[in-house]
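Everything below concerns the one structure shown next.
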Amino acid sequence: MSRANAAQRSDIEDVYSAERLGLVRLAFLLTGERDLSEDLVQTAFAAAQGRWADIDDPLPYLRRVIVNQANETHRQRYRHPPEEPEPVTHQPDIDETWAELLRLPVRQRAVVVLRFYEDLPLTEIARLLDRPAATVRSDLHRALDTLRRILR
Amino acid sequence: MNPLDIMNDDLDAELATHLRRTLRAVAGTIDDAEPGDAAAPLARVGSSSPTSSPSDDEPPPPAAQRWRRARRGRPSGRSPRRAGLRVRIAVAGAAAAVALVGLILIQPPGTDDQRAWAADVVEVARVAPRLLVTADGWTVERVDEFDLEHGEITWATGDPTRVTSTSLDASGELAVEEVSTPGQREFTIVWTADDNEAGYPTYAEELAQLSERAERLPDMTIAGHEAAVFQTDPSPIVIALWKEGDYGIGIGGDVADLDEFRDVAASIEVVDVDTWLSALPPDVVRPADRADTVDEMLADIPLPAGFDPSSLVSEGGASEPYHLGARVTGAVACAWFDQWKAATAAGDTAAADEAVQAMATSHDWAVLHEMEAEGGWSEVVWEVADAMAEGGTIDNGAGPVPAADFAVAGLGCSNS
């Protein structure tokens, strides 16, 4: 292994150590599935490794791969009816809201998670999802309208 | 259970707070003590190949996503063409999601009972498939594209009530906006020429994507053609495709259920030119009024040296106020953006500053505020202005976004 490769290797491992848990949590909020979340994060780092030297800021890149993979996985499973979400926090208000979040269309859920968990501005979410900012805002409105109506 | 007892004006702020609390609490259930989590090394790096990484060889987006993009007038897979008014409108439509393509209706004085359509509009109507939804209760909601290569007409039904919704905008401020009620359903008819240059998915491309990704339902006969029918998503998005001459026809129903889709699809009829055009939204700004309207729009907008607004008056095309506003403000914004880009590259600080300051006034341009309620064009102009003011990029904490991203993709400015 060359010195450059060793440094690169070290760098990606540092990022992995620092960011893996946060990214798994993000993936879980997007998918609601623990095992899948770990797989998505692993896949994201696998995608990043080959072009690590070209990635200026790894975290947005990794987020984008994870969101894309989560959406892709959801679409591939569209034939299967969604299972009733299980309580995860055993706080009734939290678990009920979480269940409703999982029932949102995956695109809307992704916007909600990126906005309110990652605290990303809509312009950044639009860039991450490769969609117009106004469309992302529309998705956010629809999601909030749905949640407001159901949770009221 | 009533997790949100929100009955006051701070509804969205409280909802946002509740969502943040929920997401953090749920995320907190994932920790390194979870079985299978703590021991997860970077083991699979190099051993798997993702299918959705953001790379140049990224596969085309799935059919449902491409369909939605196409419905919003945004070609996928290839870059949209530069400069053509149609494409500029398409970008505006993508940003706005509610924009209309205006059709020029030339109505000479004293001929109230007769409608003479502009030649280019008639040409589209003569060549493109003329399909109308005739089901009771369905009316044309918008025309996002109207061209020989590609067209998109959306019908809607259901509760048309507009309600006010507030939400957090990009800067974290609460924004108030009118939104459709969930009771409204939409049905879109799209035609795409096989040899279209704008990058819209052709019939063959669309069919291949849907066949791979979506559930195939029994074929239907629509307007005399055998159509392949797909359901693409758990939400009730149903798509039917068929081939008609040199065009691929797609219909997409964001409808209540498959039965409603079948009913509406069965109501589609092929009609003559005049019937078809008469069913579509007419123009608002007549050609004779265009010069005055452009002047009015430009009244509070600083123009760069050498900018000639006469072409905005003389050119034909769409004349609905929103689109004319997009055309006018886009031309000015791109001219300032071009000056800023060239001046920055040349180290001409004064010229660059002039452009930045001129674009900063865009937040006060009356036409943009008038357009704001209709769609997202104004927001894109302001994003370009803000990016220029902040040194060329907007950095929201997750990496810089170049001003050019907004200017080229959002406004149709030159990328050269």
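Pairs linking a residue in the stretch A:135-147 that is within 19 Å of residue B:18 (Cα to Cα) to a residue that is assigned to a helix (DSSP H, G or I) and among the acidic types (Asp, Glu), with Cβ atoms under 7 Å and 6 or more positions apart or on different chains, are A:144/B:12; A:147/A:100.
Okay, residues lined up against (1) open to solvent by 40 Å² or more (accessible area, probe 1.4 Å); (2) modelled with pLDDT of 85 or more:
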site	(1), (2)
A:8	yes, no
A:29	no, yes
A:68	no, no
A:76	yes, no
A:79	yes, no
A:87	yes, no
A:90	yes, no
A:94	no, yes
A:97	no, yes
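Among the residues of the stretch B:294-309, is there at least one that is modelled with pLDDT under 80, open to solvent by 20 Å² or more (accessible area, probe 1.4 Å) and away from chain A (no Cβ under 14 Å)? Scanning the stretch B:294-309 turns up no residue that is modelled with pLDDT under 80, open to solvent by 20 Å² or more (accessible area, probe 1.4 Å) and away from chain A (no Cβ under 14 Å).
In this structure, does residue A:123 turn out to be in contact with a helix residue (DSSP H, G or I) (Cβ under 6 Å, 6 or more places away or on another chain) and either open to solvent by less than 30 Å² (accessible area, probe 1.4 Å) or touching a residue at least 60 places away in the same chain (Cβ under 8 Å) (or both)? It is true that residue A:123 is in contact with a helix residue (DSSP H, G or I) (Cβ under 6 Å, 6 or more places away or on another chain) and either open to solvent by less than 30 Å² (accessible area, probe 1.4 Å) or touching a residue at least 60 places away in the same chain (Cβ under 8 Å) (or both).
Go through the stretch B:320-342 residue by residue and tally those that are open to solvent by less than 10 Å² (accessible area, probe 1.4 Å) and among the small types (Gly, Ala, Ser). Matching residues across the stretch B:320-342 total 4. Only a single criterion out of (1) within 16 Å of residue B:31 (Cα to Cα); (2) of a type in the set (Val, Ile, Thr); (3) at pLDDT below 85 is not satisfied by residue A:24, namely (3). Of the residues that make up the stretch A:120-138, is at least one more than 7 Å from chain B (Cβ to nearest Cβ), outside any helix (DSSP H, G or I) and modelled with pLDDT under 85? Yes, some residue in the stretch A:120-138 is more than 7 Å from chain B (Cβ to nearest Cβ), outside any helix (DSSP H, G or I) and modelled with pLDDT under 85.
The values are calculated or read from the model by the stated rules, or taken from the named source; none is laboratory data. Bear in mind the structure is a predicted one, so any value in this text is a computation, not a measurement. In this analysis, Cβ positions are derived from the backbone assuming ideal geometry, glycine residues included, and neighbour counts consider all displayed protein chains. Calculation scope for accessible area: heavy atoms of the full protein, side chains included, ligands and nucleic acids excluded. Shrake-Rupley method; radii C 1.70, N 1.55, O 1.52, S 1.80 Å.
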